[in-house]
Amino acid sequence: MTIATFLVALLGAMALGAPIAFALLICGVALMIQMDNFDTQIIAQNLLEGANNYPLMAVPFFMLTGELMNAGGLSRRIVEVADALVGHVRGGLGYVAIITAAVVASISGSAVADTAAVAALLIPMMRNAGYNVPRSAGLIASAGCIAPVIPPSIPLVVFGVTTQLSITKLFITGIFPGLLMALTLAVTWRIVAKKEPGGSQHAFDFGRVLVSLRNGVWALVLPFVIIGGMKAGVFTPTEAAVVAVFYSLLTGLFVYRELDYRKVPGLMLAALKTSSTIMFLVACAMVSAWLITIANIPAQAIAILEPFMGSPILLMFVIMVLIVIVGTALDLMPTVLILGPILVPVVKQAGIDPYYFGVMFMMNNAIGLLTPPVGTVLNVVAGVSKESLDKVIGGVWPFLLAETALMFVLVFFPSLVTVPMKWLM
């Protein structure tokens with residue numbers, strides 16, 4: 001009955017057009033009424049505790065880092081390095097897009113922002129070189145989905161806050177799966193790029209590589225500063241976000257000198273607008289998460305999934321299929337906020353490593369950014385490339401299927417995630 005109340009209230013509010021944050025509040029209130037425990041003070045207290053969260057402070061700083069990178073020339077220099085390394089091979093700009101997306105993702109951690117930046121830089125280059133633009137847009141959209149998995153992923157920060165898992169451990173666990181996503185896209189692109197008319201844009205020139213590395217070294221060092229600092233225990237994820245902001249700010253102002261200090265307040269405002277939406281979502285989710293615990297919904301979910309609890313791999317398979325279906329209708333962050341607090345106790349009960357599950361859960365939700373009808377990242381790429389959404393959907397299918405196949409391979413062979421995780425930790 002409690003699960004039914006939760007689902008009816010949540011889905012009913014969404015069907016009526018309520019924003020996700022308010023839908024989460026409404027389902028929380030519905031649970032309180034159903035338990036005969038309605039108290040506005042509890043709602044207010046959980047809202048404040050949800051927003052007043054130290055790890056959550058990393059979100060606005062990483063968002064600002066992305067804005068400063070784009071305005072300060074760091075993103076463009078990452079593209080130049082990748083182009084010098086692999087731009088000369090057939091389909092080279094596709095590999096450039098994958099490398100750039102992976103490096104940018106390891107700095108800012110936002111799929112939508114990273115995809116928009118990479119698409120704005122590379123789509124015009126690929127169009128002028130004669131590439132199939134919808135297919136190129138599909139590749140860039142798929143590469144942008146590395147950001148929620150590889151550190152410093154903003155969704156992993158939110159997942160860690162709402163499920164009370166270590167964000168640093170989640171970050172470290174996401175490194176190898178994120179790299180596997182990039183490798184999978186590269187292999188898939190190699191297959192489909194045989195049909196591309198665009199050949200080499202320039203011959204390989206070692207001197208050009210050295211020049212691009214010299215110009216881009218300041219941008220390329222930042223991921224190692226962030227991840228290395230957290231792994232060494234020098235700073236927390238929140239402190240790493242602050243370091244990233246000051247590093248990208250100083251590099252844009254004084255090293256590359258492309259960042260106009262008068263534009264900084266506008267960049268801060270843009271980052272804060274996006275961050276405020278995420279933080280309000282988390283605050284509202286903390287209300288429903290608290291009530292989910294009080295109403296003992298995880299225990300009821302365990303009872304429903306009891307037939308699969310004896311086999312961790314089968315349970316993971318069932319959960320992943322469920323999330324694939326949910327991901328076609330819900331965006332990434334609401335899915336994380338709604339299902340995270342329910343499913344983490346279930347997988348713990350089944351003996352599944354919660355950090356392995358967290359990264360797999362995030363990979364699945366990242367793939368959901370590519371699935372219509374919602375497909376947030378698809379819409380971003382379609383807008384930047386000025387191609388119709390139907391054409392971009394047609395171009396994304398090979399990469400979407402490849403990433404989905406990789407996800408299920410990691411479900412059936414969890415050691416591919418857990419062994420590198422233990423080694424890195």
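All of the numbers you see were taken from the coordinates with simple rules; none came from a lab. Quantities reported herein were computed from a predicted structural model and do not represent experimental measurements. A quick note on method: Cβ atoms are made from the backbone with ideal geometry, for glycine too, and the neighbour counts reach across all protein chains shown.
Taking other C-beta atoms within 10 angstrom as a stand-in for reagent exposure, Ile352, Ile107 fall in the order Ile352, Ile107, fewest first.
Extent along the principal axes, Cα only, for the stretch 70-187: 48, 31, 24 Å, with the longest axis given first.
Relative to the compact globular guide of 2.2 N^0.38 Å, what is the alpha carbon radius of gyration of the stretch 54-424, as a ratio? Could you put the intermediate results ahead of the total?
Working: Rg = 20.1 Å, N = 371, 2.2 N^0.38 = 20.8 Å.
The value comes to 0.96.
Partner lysines whose Cα lies under 20 Å from the Cα of Lys391, excluding those fewer than 8 positions away in the same chain, are identified as Lys194, Lys195. In terms of surrounding Cβ atoms within a 10 Å radius of their Cβ, Met63, Met279, Met309 rank from fewest to most as Met309, Met279, Met63. Going 7 Å from the Cα of Leu213 in the Cα-to-Cβ direction, what parts of the stretch 81-121 have a backbone nitrogen less than 13 Å from that spot? Counting only backbone N, you get 81-82, 84-86. Going from the fewest other Cβ atoms within 10 Å to the most, the residues Val81, Val89 appear in the order Val89, Val81.
Could you tell me which chymotrypsin sites (Phe, Trp or Tyr not before Pro) in the stretch 38-94 are loop residues by DSSP with no more than 13 other beta carbons within 10 angstrom of their beta carbon? Don't jump to the answer; show the numbers that get you there.
Details: sites: Phe38, Phe61, Phe62; in loops: Phe38.
Those satisfying the criteria are Phe38.
Rg/Rh for the stretch 1-47 stands at 0.98; both radii use Cα atoms, and Rh follows the Kirkwood definition.
Shape of the stretch 321-425 from its Cα gyration tensor (a ≥ b ≥ c, root eigenvalues): rounded if a/c is under 1.5, otherwise prolate when a/b > b/c, or oblate?
It is prolate, given that a/c is not under 1.5 and a/b is the larger ratio.
Computed from the Cα positions only, the extents of the stretch 107-168 along the three principal axes stand at 48, 17, 13 Å, in decreasing order. Judged by the mean number of other Cβ atoms found within 10 Å, the most tightly packed of the peptides 240-246, 41-47, 29-35 leads the ranking 240-246, 29-35, 41-47.
Let me make sure I get this right: for the stretch 130-229, a, b and c are the square roots of the gyration tensor eigenvalues over alpha carbons, sorted descending. Under 1.5 in a/c it's rounded, otherwise prolate if a/b > b/c, else oblate. Which is it? Spell out each step's value before the answer.
Numbers: a/c = 3.05, a/b = 1.50, b/c = 2.03.
The shape class here is oblate.
Note that the stretch 349-357 has calculated 3J(HN,Hα) couplings of 4, 7, x, 8, 4, x, 6, 4, 4 Hz, one per residue in order, obtained from phi through the Karplus relation 6.51 cos²θ - 1.76 cosθ + 1.60 (θ = phi - 60°); glycine and proline are x.
Solvent-free Debye calculation, one equal scatterer per alpha-carbon of the stretch 311-361: log10 I(q)/I(0) at 0.23 Å⁻¹ equals -0.85.
Sort 152-158, 340-346 for me by packing, meaning the mean count of neighbouring Cβ atoms within 10 Å per residue, highest on top. Each step should come with its number before you reach the end.
Values: 152-158: 27.9, 340-346: 21.4.
My ranking of the peptides, most packed first, is 152-158, 340-346.
Work out the P(r) tail for the stretch 225-382: percent of alpha carbon pairs separated by more than 29 Å, whole number. Tail of P(r) above 29 Å: 37 percent of Cα pairs.
Which order do the peptides 219-225, 332-338 take when ranked by the mean count of other beta-carbon atoms within 10 Å per residue, highest first?
Numbers: 219-225: 18.0, 332-338: 23.6.
The peptides rank, most packed first, as 332-338, 219-225.
The equivalent ellipsoid of the stretch 1-146 has semi-axes of 44, 19, 10 Å, largest first, where each one is the square root of 5 times an eigenvalue of the Cα gyration tensor.
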